[in-house]
Amino acid sequence: MAGDIVISLKTTEPEIKKVLKSNLILATYFFYVILMILIYRNTSKNGNLGTVFSPYASGLLLYCNLLGSIAIAVFSAVICNKEYQANLLFIYSTNLKRDYFLLFKQLTIFCFSLLLGLTSLLLGVIFDAIINANALPWYKLIVQLISIVFCLFLVGNLSFTLHLLTRNFVYSLSIPIFLIFFEPAIHRFSSGIFLIKTLIVFNTYSFLNNFFSNLKYGSIIIIPENRAYNSLLVSFFILLGYLIFMFCVQFAFIKSEKFTSK
């Protein structure tokens, strides 16, 4: 067992360096940071804005669900694609347990999701201090951060799963991004249509709506109220169900012969 772990770490070390040194990943992250700064610069800093609790700390976190979803989709597709390019699949199928491969990828996606969320929160707190906004209590900001990281982790796994199964960047990027930006379109049709209540995108915004109630009209971004939104617990368990389902699909696929034949 200890030998397997040593082999795993030694074998994946070059791949970890490749991920960290990926120009595409670095460019995506810095582009994300620049967009966050531009959101601040392009927002009117009038008197009404300062009356909204933590307009930037909460607002940039909520924007993180939009911009961060693009970044995490790119990141998750890249780390999956690098495994196919590295020709390590034969090694994973023999010397190493494939469980380590999947666990490593999940931890990597989670860490990048956390990095995006922490970046948004840090910039938001700085911007709040600049305009002397009423600060939201830290424990509420931490809860908001956790909710955003959970949603980003979900999107990252969706992109990773699609690329793992299809080995296609178009599918692994376009489908998650489409789902994130599709919510406003289904928002007007959600009332009275039961099936919409089970969609991942509908429950993502329903889930976040419960944590960002401090953002009202006049702040830089809000989630429109919707009577058809599910409750917090219902949305959480629906999203958790999607996440567990993707874990099962990933696990079943890497255990199959199709994984090594890709």
Can you run phi through the Karplus equation (6.51, -1.76, 1.60; θ = phi - 60°) for the stretch 229-244 and list ³J(HN,Hα) in whole Hz, with x for Gly and Pro? 4, 6, 5, 4, 5, 4, 4, 4, 6, 5, 5, 4, x, 4, 5, 5
With 10 Å bins from 0: P(r) over the stretch 192-249, alpha-carbon pairs, percent: 23, 47, 24, 6, 0
Run the quick spin-label model on LEU118 and LEU195: label points 7 Å from Cα toward the beta carbon, then report their separation in nm to one decimal. 4.2
Would you mind computing, in nm to one decimal, how far apart the modelled labels at TYR139 and ASP99 are, each placed 7 Å from Cα along Cα→Cβ? 3.7
Report VAL78's accessible area, 1.4 Å probe, all protein chains in place, as a number in Å² to the nearest 10. 10
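Arranged from highest to lowest average of other beta-carbon atoms within 10 Å per residue, in what order do the peptides 171-179, 119-127 appear? Display every interim value, and only then the final one.
Values: 171-179: 18.0, 119-127: 20.7.
Order by mean packing, descending: 119-127, 171-179.
If r is the Cβ-Cβ distance from PHE178 to ASN132 and R0 is 41 Å, what FRET efficiency results, to the nearest 0.05? Let's see the in-between values first.
On the way: r = 39 Å, r/R0 = 0.96.
Computed FRET efficiency for PHE178 and ASN132: 0.55.
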Between the modelled labels at LEU107 and VAL234 (7 Å from Cα along Cα→Cβ) the distance in nm is 3.8
The stretch 205-236 and the stretch 113-147 have their Cα centres apart by a whole-number Å value of 17
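The values are calculated or read from the model by the stated rules, or taken from the named source; none is laboratory data. Only a predicted model underlies this, so the values are computations on that prediction, with no experimental measurement involved. No Cβ is skipped: glycine too gets one built from the backbone with ideal geometry, and neighbour counts run over all protein chains shown. What goes into the accessible areas is simple: the full protein's heavy atoms, side chains included, and nothing from ligands, DNA or RNA. Shrake-Rupley method; radii C 1.70, N 1.55, O 1.52, S 1.80 Å.
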